[in-house]
Structures are given as C-alpha cells and as structure tokens.
Amino acid sequence: MFYYRTCIRTSIAFLVVLSATIAIACNVPVFRYALERWRPDLCQVIVFYDGNLSDVQEQQLQTLEREAVDKGGSANAEITRSRIGTEKDRKRKELWATLRTQPQVTLPYMVIRTSLGSGEMIIHWSGRLEDSPKANLFHSPIRRELSRRLLSGDSVIWLLLKSKDPVKNRAASDLLTEELDRLSKKLELPDGIGLPGSELYSEVPLFLKFTVLEMDPKDPEEQLLIKLMTGFAAGEKDEPLVAPVFGRGRALEVIPARQLNTGLIEDLTMFLCGACSCQVKERNPGFDLLLSTHWNRELFGEDGEMPPTVTTLERTPLTPSLLTIPPGRKK
C-alpha cells in the first residue's frame, strides 16, 4: 500500500497548532521535549484465532503479551486476541475478512499495525503466530542502537535504509553526513531552557548532535522495521529511504533519497531543534517506531521527577495555522 505523504517539499511549512491554554512559552527543543514528555503510540498487535490455541501457541502469545507495556513490559504494543466467530469489533472483523482472502493465511494469524495519526493505520508485519519468535517483533540491533543513541543525547538520528544501488547509497550517506556536520556547527539551542515552562527533567546531556544509522535491506533481523519504512514509499523500490528519528523513537517522515537535498535536511533539522511551539504530541507530524525500551526508568530513574502531563483542556481541538518553523535564537 502506498502511504508516502506529500507534505515533504523542498520548502517545508509545517502544520503547527499553538495551544491557547499554555500561558508560558516552551523553549525546550522539539527533540528533547519529545524525549522527556511524549509517550510512544501503541502499535496494534492483533492475533486472529479460532477455537483453542495449542499449549505451544498459548506460550508464544503469553511471551509476547508480557513484553507489552499494558502488561508491565517495555514494548509500545497493545496485544489483542481476536477469536473468529465471536469477535464483535467491526474494524477487526473487516480486517480479518480482507486477510482471509489472501493466500497462505492460516490461523492463528498475527498482524502488527502502526498508527499514522487521524485514524490511519499501516500494516508492517503479518504472519503465523508460530513465526513470531524469529521475526524479532520487539527487539532488533538497529532498534536497540536507536534507543541507546537517543538516551545518550543524540538530537536526531537519520535512519538510512539502503537500496540495491551502492552509488545512490553512498550519495545519500555523504549528503547527510556533510550537511548534518555543517548544521551541528551552525544551529544553536533556543534561549530560556531551564526557566519556568522550559524545565528539563532528565540527566541526558542536551546538545546538538546529529548522526546517521545505515540499515541493510537484506538484514533478516530488521525486516519488521524495513517493511514499515518501505510501506511508506512502495513506489520507490530502487531508492534509499531516509527517516529522521527523535524523541522516544518517533520518525518524522520517510523520505526517498531522490527528494533529499540540503534545504530539506536543514528545514527538518531546524524544526526538530527549534523551540517546542506545540506541546501536544498528536498535533505534531510523525509516527512511533515499535521499540522495547523502559523510557521513564532510563530517563528519570526509579524515583525520578516526572514531567507534568498534558491536560485534557490542552488537547481541545483548535483551528490549525500553517506556519514556517523558525530556527532557534542565538544566546
């Protein structure tokens, strides 16, 4: 399915909603505000089955359930059991009606979907329940490295999914490396960090650091993440794909390398490093990767001070304004 969105342009203007209920401006950079305060969206993990699961199948499913956040685990996943014939949820019934027409779909069958906002979902893994242990649904080397870098203070990690063309891969990597090095020297953090309304709550060092993390499309351990990225750009099979990742594993967008240029890299970087003009996560662009990380424990410790949560009033829908995100001010 083709999910690439046309909001990526050479001259970027982002849809930013200013919350009228926030009396004190927030000068914390977007990437740091997201790291400390935005909880990752839950990926939907749906297991379709009929009758009773075997002992092995039940054990496999319980192992996955224990890793989900709602069961005390660290993976931002919500696991739902959907029994054929007794399922009452209309959307899950419709999903199964579509899946059952596909070849090689046998019960029990698992589907993983990621939220893109506004009720839109993308399926980026599906298969038999018994295949889940070798599918690395919640863990993989690249995703562990993403979490490690984010918790170490990397501002934005540019995930680069390589193509079959080594020339295009090298060109994309060189462009990112050179431009990000330039921006790390050019950009500065916004003023006022640490003042009321712009407090920091974790000991993660705050600086501007941009890195590139390359991923092999044939890596068997990364197929879930690869399928998620390629799902956004189904018509770009011969192009490297790039996704700037920040916060707690939130990807801003998936971009074909042929659309990548210095202006676009700078615009996106300036947005993520600028003052957080919109504190409500749902009103910002992006989608969350499926990671297994104890974010709160890693950031704040067992008894660390937690940031205040966004109130219901602050979530009241407002009329959006199309604004150009400015760079951070010099100290």
Q) Among the candidates 80, 86, 63, 98, which residue alone is in a loop (DSSP other than H, G, I, E, B) and at negative phi? A) 86
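Table: residues versus (1) over 20 Å from residue 76 (Cα atoms); (2) in contact (Cβ under 8 Å) with a residue 60 or more places away in the chain.
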residue	(1), (2)
134	no, no
154	yes, no
161	yes, yes
172	yes, yes
186	yes, no
Q | Only one of 84, 79, 123 that is of a type in the set (A, V, I, L, M, F, W, C) and farther than 30 Å from residue 250 by Cβ | A | 84
Q: Could you please find all residues in the range 211-230 being assigned to a helix (DSSP H, G or I), out of contact with any Ser or Thr (no Cβ under 7 Å at 6 or more places or on another chain) and either surrounded by fewer than 19 Cβ atoms within 10 Å (Cβ to Cβ) or of a type in the set (S, T, N, Q) (or both)?
A: 220, 223, 227, 230
(Q) Quick check on the range 95-114: of everything there that is in contact with a Leu (Cβ under 8 Å, 6 or more places away or on another chain) and surrounded by 17 or more Cβ atoms within 10 Å (Cβ to Cβ), which residue is farthest from residue 157 (Cα to Cα)? (A) 108
Q | Unique residue being outside the structural domain of residue 209 (by TED's automatic domain parsing), in contact with a strand residue (DSSP E or B) (Cβ under 6 Å, 6 or more places away or on another chain) and charged (D, E, K, R) when the list is 113, 149, 100 | A | 113
Q: Scan (1) assigned to a loop (DSSP other than H, G, I, E, B); (2) crowded, with 18+ Cβ neighbours inside 10 Å; (3) at pLDDT 95 or above for the single condition residue 41 breaks and write down its number.
A: (3)
**Q.** Selection status of residue 305, within 29 Å of residue 188 (Cβ to Cβ), surrounded by fewer than 21 Cβ atoms within 10 Å (Cβ to Cβ) and at pLDDT below 80
**A.** yes
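From the list 174, 165, 131, 181, which one is surrounded by fewer than 16 Cβ atoms within 10 Å (Cβ to Cβ), out of contact with any strand residue (DSSP E or B) (no Cβ under 7 Å at 6 or more places or on another chain) and outside the structural domain of residue 239 (by TED's automatic domain parsing)?
Only one candidate passes the filter, namely 131.
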Q: Inspect the range 19-28 for any residue being at pLDDT 85 or above, among the polar types (S, T, N, Q), surrounded by 18 or more Cβ atoms within 10 Å (Cβ to Cβ) and in contact with a Cys (Cβ under 8 Å, 6 or more places away or on another chain) and give the result as yes or no.
A: yes
Q.
If I filter the range 259-275 for residues that are touching a Gly at 6+ places or on another chain (Cβ under 6 Å), within 21 Å of residue 154 (Cβ to Cβ), at pLDDT below 95 and assigned to a loop (DSSP other than H, G, I, E, B), do I get at least one hit?
A. yes
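The values are calculated or read from the model by the stated rules, or taken from the named source; none is laboratory data. The model shown is predicted, which means the values in this text are computed figures rather than measured ones. Using ideal geometry, Cβ is built from the backbone for each residue, glycine included, and neighbour counts are taken over all protein chains shown.
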